[in-house]
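Structure record follows, encoded as structure tokens.
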Amino acid sequence: MSFLKVEGLHISFNTPHGVAEALRGVEFSVHEGAIFGVVGESGSGKSLTGKAILDLVPYPGRITSGRIFFENEDLRQKSERERRAMRGNQIGMIFQDPSAALNPVFTIEQQMMGIMKRHRAEAKKEMRAKALGLIHDVGLPDPERVMKSYPHELSGGMQQRVMIAMSLLLDAKLLIADEPTTALDVTIQAQILDLLKKLRDEKGLTIMLITHDMGVVAETCDEVAVFYAGEVVERGNAQEVLSNPQHDYTRALLAALPDGSRWDEAGEDSTRPLIEIQNLTQEYVSKSGLFGRTQTAVRILDQFNLTIYEGETLGVVGESGCGKSTLANTLMRLIPATAGEIRYDGSDILTLDGPALRQLRQHFQMVFQNPFTSLNPRMRVFDIVAEPLRTHRQLGSADLKVQVDRLIVECGLTADYADRYPHELSGGQAQRVAVARALALNPRFLILDEPTSALDVSVQDRIIKLLVDLQKKHQLTYLFISHDLGVVQQISDRIAVMFAGEIVELGTSEAVFTAPQHEYTQKLLAATPSLIRMKRDNSL
Amino acid sequence: MSILNYLIRRIGLALLVILGVMIITFFVSRVLPADPVRLFVGVRASEETVEAKRAEFGLDQPVPVQFLNYAGGILQGDFGISFRTKRPIVDDLKIFVPATLELVILSMVLAIVIGIPVGVIAAANRGGWIDQISRIVTIAGVSIPSFWLALLLQLLFFSTLDWLPLGGRLSREFIISNPIETVTGFYVIDGLVTGNFEAWRNALWHLVLPTFVLATYPISLTARMTRSSMLEVMSETYISAAQAAGLSRREILFKLALKNAIVPTLTVLGLVFAFSITGAILVEIVFSWPGLGTYVTESILSADFPVVMAVTLIVTVIYVAINLFIDILQATLDPRVRLGSQ
């Protein structure tokens with residue numbers, strides 16, 4: 001007898017192009033008190049399954065067949081009223097991005113009380129006491145202050161803890177956690193996973209943990225179901241599946257995980273500095289008071305020094321808010337620096353303007369995290385890649401086409417992609433277009449700002465490989481920014497660890513990983529999901 | 001920034017805007033080729049009379065002095081004398097401004113009371129028949145010219161059915177035998193305050209058609225804005241989270257989602273309110289409504305500059321005040337809107 005059982009679940013979406021089947025006969029069962037991992041890439045139907053259990057399939061999707069048993073009752077036979085009473089009461093849910101899952105215009109207290117008032121007839125005082133107790137249980141200090149806060153006044157980790165507390169307000173027995181740590185920094189991720197384990201142990205909560213991250217599964221789950229294209233392709237004990245995967249797709253997923261090995265053998269150490277950053281300071285001034293006279297300066301970068309050598313890949317790791325994107329934007333001259341110097345080939349670029357700056361822009365290019373927001377949705381691939389060439393080079397239309405086709409092919413697509421719009425591309429293909437655009441002007445220096453974070457793990461792998469190949473071919477210098485240690489290690493010659501606007505550790509990739517000196521680097525390494533560590537240590 | 005600091009700064013800026021409008025209207029009126037004094041005294045008056053009047057109005061003085069006189073008068077509530085009606089403009093405004101505001105405010109109330117629920121319900125039943133019908137009706141509502149709609153409704157409700165009056169604020173018998181005493185200038189309020197219920201009911205009767213015609217555009221726009229921002233909000237994760245917590249559909253729609261969705265709608269309402277004050281002109285003319293529109297139209301046609309300047313100023317003040325009010329309202333609804341953040 002199982003706690004939660006899904007049988008032959010089919011969900012389809014009616015689209016203008018016909019009916020699309022998103023789930024095709026999904027089957028699995030979850031034991032009480034287990035942490036059940038649901039793993040797969042975007043579009044595999046894992047989130048949809050979670051929503052289907054709560055009967056929240058988004059418009060225009062609908063369940064076409066299948067049965068969902070919760071404590072041996074068929075949920076689909078229940079009335080809308082019964083199902084609603086069950087949501088929150090029996091089954092709670094938390095979401096990927098806690099800042100989006102909390103209503104921004106209500107305080108935490110208003111949101112929590114709203115949920116309880118709906119389901120419980122207790123006195124207000126008792127309900128409030130319970131809410132405070134739960135906020136305390138999920139490890140938040142000063143519950144009274146948290147209750148009175150609006151969501152934007154809390155950090156990401158705090159917001160996710162609040163979400164978990166909210167989902168437990170009504171003593172839910174099953175918690176569906178949809179990518180609960182994906183939007184969080186790696187040290188926070190470890191804390192939230194620990195919290196989930198603690199809640200399972202102490203409150204006997206059953207957790208369905210939806211994730212794309214095999215590392216999280218290895219760290220947390222007892223059982224696992226691997227989703228691929230709307231089907232469960234493999235399920236069973238988590239350790240067994242990870243150590244002895246049966247299905248090709250599971251094997252591919254595991255193989256794609258960064259394992260601490262380098263893609264390219266380390267080249268000869270270059271000693272020629274390409275970019276020297278000296279005493280770079282970056283401040284934001286926020287004005288307040290009657291005429292904006294009260295000024296508070298927030299220092300993002302403080303007397304920052306860094307040398308980037310020609311032909312190397314310098315990895316920059318750090319958590320959100322540590323200043324790594326500010327560094328990238330300052331280097332690109334997208335935002336003005338408060339003080340300091342950035343020397344490129346010996347001359348300061350912060351003072352350039354007009355034609356000299358335009359000249360520099362050809363040498364410095366950038367690839368952004370999310371290709372779907374960095375590519376103009378109204379432009380075809382051809383025009384996206386051709387745009388920098390049209391701006392900086394006078395080419396005839398025949399030459400332009402030759403150039404663009406060459407770039408597209410070089411980045412691993414075929415020339416016929418030129419006619420497509422970004423929304424007709426997959427995430428990986430779109431990021432390839434973004435790389436092609438960055439390469440159009442033969443730059444020397446490329447800033448890669450989390451170029452693989454928005455992509456699935458198997459796609460990440462291929463983009464990294466592309467970047468490594470291109471670097472060899474064109475003698476490029478990379479500044480590779482990421483919050484993901486595994487990916488950084490794969491590609492970097494040297495790694496700079498940033499914390500609160502400063503570099504706390506800088507060294508060769510091996511040195512940083514095998515013998516981290518700074519406390520923060522050690523913490524960061526310890527928080528990385530164990531699968532990567534296990535894989536690196538060849539214990540898997 | 002505290003709300004008080006913010007208010008002081010915004011009011012300071014508003015005063016600058018008003019001063020700017022005063023200066024511009026004043027100088028524009030001085031460079032126009034028409035001679036207002038000649039208009040005032042008539043074509044047959046002698047040159048001496050014209051010059052005497054010119055001196056009386058202070059129009060023979062240097063332009064900067066004239067402006068100071070004008071600005072000083074306004075500070076004391078004196079907008080000057082209308083060339084056309086020969087009455088103090090303030091006295092005219094006391095009648096015409098409330099008449100127009102009565103129409104505009106009631107049509108805004110309709111926009112809120114009808115437009116917002118229609119938008120919410122349409123969004124909730126996206127693609128359903130309610131949604132389809134409301135989309136067709138609201139697209140018609142924003143595109144039908146108001147004067148044409150007014151004529152059609154007059155044909156139907158006055159000529160054919162004889163249910164509602166053709167125009168004016170009050171029937172002739174009330175104006176002559178039982179007029180509403182002026183307290184605020186708003187008949188809806190004055191009728192009640194003075195206990196003149198017969199006339200009050202008659203005034204309401206006269207309000208129905210012009211209010212509805214003037215409200216057609218705001219109602220439709222509000223409904224469309226509310227629908228689209230509701231749809232956007234309904235796709236947010238926090239709405240899924242509320243559903244997952246078992247909240248009822250009504251709570252989610254009208255309490256949780258609407259508070260988020262109403263913020264952009266308010267911006268539009270603020271702009272439409274100000275627009276309606278001048279937009280009321282056509283409606284007022286069709287319904288012979290003795291309001292600002294009718295007043296200012298006749299003044300423009302007879303080059304009655306003091307009136308045009310006064311009305312421009314009044315509309316500016318209302319516009320600035322409404323937008324300030326909306327900004328503050330939005331900040332109280334959405335804690336992320338920081339007052340005066342730069």
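Rank A:Asn329, A:Asn376, A:Leu352 by how far each Cα sits towards the positive end of the charge dipole of the stretch A:313-412 (+1 on Lys, Arg Cβ; -1 on Asp, Glu Cβ) and give me just the farthest.
A:Asn376
Given R₀ = 60 Å, what would the calculated FRET efficiency be for B:Leu15 paired with A:Ala121, taking r from the Cβ atoms and rounding to 0.05?
Details: r = 55 Å, r/R0 = 0.91.
With a Förster radius of 60 Å, E is 0.65.
Which residue, chosen from A:Ile135, A:Ala121, A:Gln159, occupies the Cα position most advanced towards the positive end of the dipole of the stretch A:98-171, where the dipole is computed from +1 (Lys, Arg) and -1 (Asp, Glu) charges on Cβ about the Cα centre?
A:Ala121
Under a point-charge model restricted to the Cβ atoms of Lys and Arg (+1) and Asp and Glu (-1), what is the dipole moment magnitude of the stretch A:98-171 relative to its Cα centre, in debye to the nearest 20?
Details: 10 positive and 8 negative charges, 48 e Å.
Dipole size: approximately 240 debye.
What are the lysines whose alpha-carbon lies under 17 Å from the alpha-carbon of A:Lys117, with same-chain residues fewer than 8 places away excluded?
A:Lys125, A:Lys130, B:Lys255
With θ set to phi - 60°, apply the Karplus curve 6.51 cos²θ - 1.76 cosθ + 1.60 along the stretch B:154-160 and write out the HN-Hα couplings as whole Hz, x wherever there is a Gly or Pro.
Listing the rounded values in order: 4, 4, 6, 7, 9, 5, 7 Hz.
Can you figure out the FRET efficiency of A:Asp469 with A:Gln295, using R₀ = 41 Å and their beta-carbon distance, to the nearest 0.05?
Values: r = 49 Å, r/R0 = 1.18.
So, using R0 = 41 Å, E works out to roughly 0.25.
With axes computed from alpha carbons, what is the tilt in degrees of helix A:108-119 against the longest principal axis of chain A, rounded to the nearest 10 within 0 to 90?
30 degrees
Can you compute 3J(HN,Hα) from phi for each residue in the stretch A:212-229, using the Karplus curve 6.51 cos²θ - 1.76 cosθ + 1.60 with θ = phi - 60°, rounded to whole Hz and x for Gly and Pro?
Here the 3J(HN,Hα) series is 9, 10, 4, x, 5, 4, 4, 6, 10, 8, 8, 10, 8, 10, 9, 9, 8, 6 Hz.
Skip the ligands, DNA and RNA, and give the accessible area per residue of chain B with a 1.4 Å probe, whole Å². It would help to have the intermediate numbers written out before the result.
Details: 17230 Å² over 342 residues.
Accessible area per residue, chain B: 50 Å².
Using the basic label-point model (7 angstrom from Cα toward the beta carbon), what is the B:Val137 to A:Lys203 distance in nanometres?
Here the modelled spin labels are 4.6 nm apart.
Place a label point 7 angstrom from the Cα of A:Asp345 along the Cα-to-Cβ direction, then list the residues of the stretch A:423-446 whose backbone nitrogen is under 19 Å away.
So the set is A:439-446.
Taking 0.36 nm per residue of separation and subtracting the Cα-Cα distance, what length does fully extending B:Ile95 through B:Ile175 add? Don't jump to the answer; show the numbers that get you there.
On the way: separation 80, 0.36 × 80 = 28.80 nm, distance 1.43 nm.
Full-extension gain reported as 27.4 nm.
Taking amide H positions as placed 1.01 Å from N in the peptide plane, with prolines and chain starts having none, which residues 5 or more places from A:Val316, or on another chain, fall under 5 Å of its amide H?
A:Phe480, A:Ile481, A:Ser482, A:Ala496
For the stretch B:249-321, which whole percent of the accessible surface, found with a 1.4 angstrom probe, sits on carbon and sulfur atoms?
Working: 2110 of 2750 Å².
Roughly 77 percent of what the probe reaches on the stretch B:249-321 is carbon or sulfur.
On a 0 to 90 degree scale, rounded to 10, what angle separates helix A:156-167 from the longest Cα axis of chain A?
With rounding to tens, the tilt is 10 degrees.
Picking from A:Ile408, B:Val315, B:Ala124, whose Cα lies most toward the positive end of the charge dipole for the protein assembly as shown (charges on Cβ: Lys, Arg +1; Asp, Glu -1)?
B:Val315
Can you tell me the 0 to 90 degree angle between the C-alpha axis of helix A:381-392 and the longest principal axis of chain A, rounded to 10?
The answer is roughly 30 degrees.
Pop out the ³J(HN,Hα) list for the stretch B:209-220 in order, Karplus 6.51 cos²θ - 1.76 cosθ + 1.60 with θ = phi - 60°, rounded to Hz; leave Gly and Pro as x.
Listing the rounded values in order: 5, x, 4, 4, 4, 5, 7, 3, 5, x, 4, 5 Hz.
Counting only protein heavy atoms, probe 1.4 Å: which residues of the stretch B:217-240 lose 30 Å² or more of accessible surface in the full assembly compared with their chain by itself?
B:Thr237, B:Tyr238, B:Ser240
With charges set only on the Cβ (+1 for Lys and Arg, -1 for Asp and Glu), what does the dipole of the stretch A:293-450 come to about its Cα centre, in debye to the nearest 20? Mind dumping the intermediate values first?
Details: 17 positive and 18 negative charges, 84 e Å.
So the dipole magnitude of the stretch A:293-450 works out to roughly 400 debye.
In Å², nearest 100, what accessible area do chains B and A bury in total when the solvent probe is 1.4 Å? Please report the intermediate quantities before stating the final value.
Working: alone 18450 and 24450 Å², together 40500 Å².
Chain pair B/A: roughly 2400 Å² of buried accessible area.
Report the full-extension gain for the segment B:Trp148 to B:Thr267: residue separation times 0.36 nm, less the Cα-Cα distance, to one decimal in nm. Numbers along the way, then the final one.
Values: separation 119, 0.36 × 119 = 42.84 nm, distance 2.77 nm.
So the chain would gain 40.1 nm between B:Trp148 and B:Thr267.
For the stretch A:61-109 and the stretch A:193-247, compute the distance between their C-alpha centroids and round to whole Å.
If we compute the Cα centre of each part, the gap is 21 Å.
Could I have the simple spin-label model distance between B:Trp205 and A:Ser42, label points 7 Å from Cα toward Cβ, reported in nm to one decimal?
Once both label points are built, they end up 6.5 nm from each other.
Using r as the Cβ-Cβ distance of A:Arg380 and A:Thr15, and R0 as 35 Å, what FRET efficiency do you calculate, to the nearest 0.05? Spell out each step's value before the answer.
Working: r = 23 Å, r/R0 = 0.65.
It comes out at approximately 0.95.
Placing +1 at every Lys and Arg Cβ and -1 at every Asp and Glu Cβ, with all other atoms neutral, what dipole size does the protein assembly as shown have around its Cα centre, in debye to the nearest 20? Write down the numbers at each step before the final one.
Values: 82 positive and 93 negative charges, 379 e Å.
Once rounded to the nearest 20, the dipole reads 1820 debye.
Would you mind telling me the antiparallel percentage of the DSSP bridges in chain A, rounded to 5?
Working: 51 of 88 bridges.
Antiparallel bridges: around 60 percent, rounded to the nearest 5.
Any chance you could check the stretch A:80-94 for residues losing 30 Å² or more of accessible area when the partner protein chains are in, compared with the chain on its own (1.4 Å probe)?
The answer is A:Arg84, A:Arg87 - residues whose exposure falls by at least 30 Å² when every protein chain is included.
Quick one: which residues, 5 or more positions from A:Val232 or on another chain, have an amide H under 5 Å from its amide H? H modelled 1.01 Å from N in the peptide plane, none for Pro or chain starts.
The answer is A:Glu27.
Separation between the A:Gln362 and A:Asp248 pseudo-spin-labels, each 7 Å from Cα along Cα→Cβ, expressed in nm?
For the pair A:Gln362/A:Asp248, the computed spacing is 4.7 nm.
First check a/c for the stretch B:29-167, with a ≥ b ≥ c the square roots of the eigenvalues of its C-alpha gyration tensor; if it is under 1.5, answer rounded, and if not, answer prolate when a/b is larger than b/c or oblate otherwise.
Working: a/c = 3.41, a/b = 2.45, b/c = 1.39.
Prolate is the answer for the stretch B:29-167, as a/c is 1.5 or above and a/b outweighs b/c.
Quick check: Cα centre of the stretch B:168-235 to Cα centre of the stretch A:120-169, how many Å?
Between the Cα centre of the stretch B:168-235 and that of the stretch A:120-169, the gap is 47 Å.
Looking at the square roots a ≥ b ≥ c of the eigenvalues of the Cα gyration tensor of the protein assembly as shown, which shape do they give, rounded for a/c under 1.5, prolate if a/b is larger than b/c, or oblate?
Working: a/c = 2.38, a/b = 1.60, b/c = 1.48.
The shape class here is prolate.
The values are calculated or read from the model by the stated rules, or taken from the named source; none is laboratory data. Please read all numbers here as calculations on a predicted model, not as lab measurements. A quick note on method: Cβ atoms are made from the backbone with ideal geometry, for glycine too, and the neighbour counts reach across all protein chains shown. All accessible areas refer to the heavy atoms of the entire protein, side chains included, with ligands and DNA or RNA removed. Shrake-Rupley method; radii C 1.70, N 1.55, O 1.52, S 1.80 Å.
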